[in-house]
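Asker: I'd like to ask some things about the structure below.
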Amino acid sequence: MRRTIILSTLAVVLAVFAVPVWAQTKECNDENKAAWYDTFLKNYKGEPPQQKIAYDAAKLYLTSCPPDPADKIADFMKNKFVVPYEAMMGGVTLKKQFEDAYKAKNFAEAVKLGKQIVATEPDNSAVYIMMGVGGLSDESLLSDAAESARKAIELVQNGKPFAPYESKDRALAALNYVIARSKLKTAPADAIPFLIQAAKYDSDLKKNPQLYLDLATAYNDGPRAKLTEEYKSKIGPNQTETSESKLALANLNQVLDRQIDALARAAALADAANKTAIMGDLTELYKYRNKSEAGLNELVASVLSKPIPEIPTPLTSLPATTPSSTPATSGGTTNGGTQTGNGGGPKSGGSTGAAQSKTGSVTVTGAGSAKPASSPTPAVKKPRANHSRG
């Protein structure tokens, strides 16, 4: 027999109905049993208020009369309705507690309650989403939040509801951002693809400068730091360039281009209170990379009209033309060869001239030699924004 209980998501609206049976005694006689069963039959397939009436009538029948294995009516009411109804109502209470904890921003409690819900409802995408995005407001929960976010992404992409968000894109953007933030400090390189994915969705998050500041930080602390160390290790005796150091530098320049692009997007989206600080770091890095500020304002003005660059594909060999140690950029990809930048004509050839920057990865001094420098995190003052809804 099919299940007839109507399950609700987070709450059940209960109403009080006046039913004559309640005026009767609880004596177990044929007249009362017939009345209780009749009330049950008339209500157990109805809406939640009617089901509450059916439940009360069934409980009167079951508690007023002694157990009788031969009573098929009692068996039906108990096992086909009362037991699943009580399980359902217990779940509703738990969901109400979960919802209340989330609204009160008690995210630790919400996660604890949410785990109990999904243990019996593994496809409840709403609970997974709420447990996930709660981590953006409480970083101590980011590890658990990231796990919930991954499950929520899987469910939403397979057609499950994306509530409480208004659109699928908003939900997926926020959930990818949760995973990225969980990796930003401990595995910044691993955060990059999730930040890029979050920026691709049509959501308010893609207009938030913090997303791009986080992306610039992830490039800086992840691949840029790694490639800087690789570059230093490939330098020959007496700090002379080698083919290996030039290849490392070409790959490093690709990462610098992505970092410049991310900072340019943050600057383009920042409010007046934060834009000056972001532009300061962007200008310093842009000048280090291009030897000039020419084209920087145009880059910031146009960058949001362009797709966000993907993670650069590592170069495995140098092109025929030896790349410049600091080829020009417009925030795009550097392939290690001749390139025209915003600030002038083609730049190619060996490592010439001198360049030094607080945010630079290497300091080039004199023709044919290069002195590697450290790769500190850009000193960007990051405006905190409300990330809980993408």
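Asker: Given the criterion at pLDDT 95 or above and not hydroxyl-bearing (Ser, Thr, Tyr), identify the matching residue among Pro164, Pro209.
Answerer: Just one listed residue meets the conditions, Pro209.
Asker: Filter the range 244-256 down to residues that are open to solvent by 10 Å² or more (accessible area, probe 1.4 Å) and either under 25 Å from Asn176 (Cβ atoms) or of a type in the set (Phe, Trp, Tyr) (or both), then give me how many there are.
Answerer: Count: 0.
Asker: Now a separate question. If the requirement is being at pLDDT below 85, more than 30 Å from Val111 (Cβ to Cβ), open to solvent by less than 80 Å² (accessible area, probe 1.4 Å) and of a type outside the set (Gly, Ala, Ser), which of these qualifies: Tyr37, Tyr44?
Answerer: So the residue among Tyr37, Tyr44 that is at pLDDT below 85, more than 30 Å from Val111 (Cβ to Cβ), open to solvent by less than 80 Å² (accessible area, probe 1.4 Å) and of a type outside the set (Gly, Ala, Ser) is Tyr44.
Listed here are the residues, each with its yes/no results for (1) in contact with an Asp or Glu (Cβ under 7 Å, 6 or more places away or on another chain); (2) at pLDDT 90 or above; (3) of a type in the set (Ser, Thr, Tyr).
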position: Gln51; (1), (2), (3): no, no, no
position: Tyr55; (1), (2), (3): no, no, yes
position: Leu60; (1), (2), (3): no, no, no
position: Ala70; (1), (2), (3): no, no, no
position: Ala74; (1), (2), (3): yes, no, no
position: Lys96; (1), (2), (3): no, no, no
position: Asn106; (1), (2), (3): no, yes, no
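Asker: Looking at Asp281, Asp261, which is the one that is closer than 22 Å to Ala189 by Cα, under 26 Å from the mean Cα position of the chain (by Cα) and buried (at least 21 other Cβ atoms within 10 Å of the Cβ)?
Answerer: That would be Asp261, the only listed residue that is closer than 22 Å to Ala189 by Cα, under 26 Å from the mean Cα position of the chain (by Cα) and buried (at least 21 other Cβ atoms within 10 Å of the Cβ).
Asker: Name every residue in the range 242-277 that is touching a Ser or Thr at 6+ places or on another chain (Cβ under 6 Å) and more than 24 Å from Pro307 (Cβ to Cβ), in order of residue number.
Answerer: Leu249
Asker: Could you grab me the full set of residues in the range 287-310 that are of a type outside the set (Asp, Glu), within 23 Å of Ile192 (Cβ to Cβ) and open to solvent by 40 Å² or more (accessible area, probe 1.4 Å)?
Answerer: Leu304, Ser305, Lys306, Pro307
Asker: So which pairs qualify, if the first residue must be in the range 47-61 and part of a helix (DSSP H, G or I), the second must be surrounded by fewer than 19 Cβ atoms within 10 Å (Cβ to Cβ) and of a type in the set (Gly, Ala, Ser), the Cβ gap must be under 6 Å, and the two must be at least 6 apart or on different chains?
Answerer: Sorted first by the residue in the range 47-61, then by its partner, the pairs are Pro49/Ala15.
Asker: Same structure, new question: For the range 269-278, give me each residue that is of a type in the set (A, V, I, L, M, F, W, C), over 19 Å from Ile196 (Cα atoms) and open to solvent by 20 Å² or more (accessible area, probe 1.4 Å).
Answerer: Matches in the range 269-278: Ala272, Ala273, Ala277.
Asker: Another question, then. Out of the residues in the range 230-243 that are part of a helix (DSSP H, G or I) and without any contact (Cβ under 8 Å) to a residue 60 or more places away in the chain, state the one that is surrounded by the fewest Cβ atoms within 10 Å (Cβ to Cβ).
Answerer: The residue in question is Pro237.
The values are calculated or read from the model by the stated rules, or taken from the named source; none is laboratory data. Given the structure is predicted, the values throughout are model-derived calculations rather than measurements. Note that each Cβ is placed from the backbone with ideal geometry, even for glycine, and that neighbours are counted across all protein chains shown. Please note that ligands, DNA and RNA were not included when accessible areas were found on the heavy atoms of the full protein model with its side chains. Shrake-Rupley method; radii C 1.70, N 1.55, O 1.52, S 1.80 Å.
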